[in-house]
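Notes follow once the structure below has been shown.
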Amino acid sequence: MAKRGVRMGVNYFKQFFVLVALLLPGVVRIVTSSSTIVVHILPNFLEEAVLVLSKNQRLKFNLLMDVWGLDKNQTPSRYEVNYLLLSLKNNLRIILRVSLPELAVLPSLTKSFSSAGWLEREVWDMFGIFFYNNPDLRRILTDYGFEGHPLRKDFPLSGYTEVRYDDGDKRVVYEPLELSQEYRNFLFFSPWNKL
């Protein structure tokens with residue numbers, strides 16, 4: 001076991017790496033860096049992999065630190081969801097990386113980690129990735145009437161609506177977006193080419 005403040009030996013890290021590779025189901029690829037292991041797994045093995053990582057006595061990844069998404073717009077597996085787990089016992093981090101197509105859903109990890117509820121809500125709100133069995137999957141960072149998911153690459157930069165506070169009505173008003181300037185088409189010809 002690695003103690004706090006003590007740097008882990010290379011042999012111990014290799015043994016840990018091999019143990020993770022042998023125990024986890026649905027592994028596609030494993031990549032390592034200094035003290036982090038990145039495991040690419042298939043989406044249908046996510047719950048089982050998390051159970052192995054959290055319940056195994058040698059691994060003890062019992063803290064879910066973060067969940068974040070990534071939109072890779074032009075690829076067949078458009079979205080990537082990453083789960084950062086921490087083992088306090090071994091002073092190691094592992095990232096479970098799941099790639100999925102646009103309309104796929106992921107199982108919620110709220111049964112294993114209570115903190116997963118809020119983190120999954122954030123990913124759903126920003127990317128529109130659905131987590132089934134999440135007890136409270138609703139918007140967390142945007143308004144309830146917000147249309148779309150702002151971190152998707154196909155979401156327009158200017159948004160769909162304009163939001164302002166009206167002093168006369170004493171309330172927030174949503175209006176269709178009006179651009180004060182038309183988009184301009186630029187001709188990128190150099191005047192120096194004529195010389």
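The values are calculated or read from the model by the stated rules, or taken from the named source; none is laboratory data. These figures come from a predicted structure and were not determined experimentally. Please note: Cβ atoms are built from the backbone with ideal geometry, for glycine as well, and neighbour counts cover all protein chains shown.
For (1) outside any loop (DSSP other than H, G, I, E, B); (2) loosely packed, with under 13 Cβ neighbours inside 10 Å, each residue gets a yes or a no:
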site: 17; (1), (2): yes, no
site: 22; (1), (2): yes, yes
site: 34; (1), (2): no, yes
site: 61; (1), (2): no, no
site: 75; (1), (2): no, yes
site: 96; (1), (2): yes, no
site: 99; (1), (2): yes, no
Criterion violated by residue 162 - all others in (1) part of a strand (DSSP E or B); (2) in contact with a His (Cβ under 7 Å, 6 or more places away or on another chain) satisfied: (2)
All conditions in (1) modelled with pLDDT under 80; (2) assigned to a strand (DSSP E or B); (3) of a type in the set (Ser, Thr, Tyr) are true of residue 180 except (2)
Name the residue, out of 131, 113, that is touching a Leu at 6+ places or on another chain (Cβ under 6 Å) and in a loop (DSSP other than H, G, I, E, B). 113
Condition test on residue 48, is it farther than 26 Å from residue 154 by Cβ and part of a helix (DSSP H, G or I)? yes
Residue match in the stretch 57-79 (condition: touching a Gly at 6+ places or on another chain (Cβ under 9 Å), under 16 Å from residue 38 (Cβ atoms), at pLDDT 90 or above and among the charged types (D, E, K, R)): no
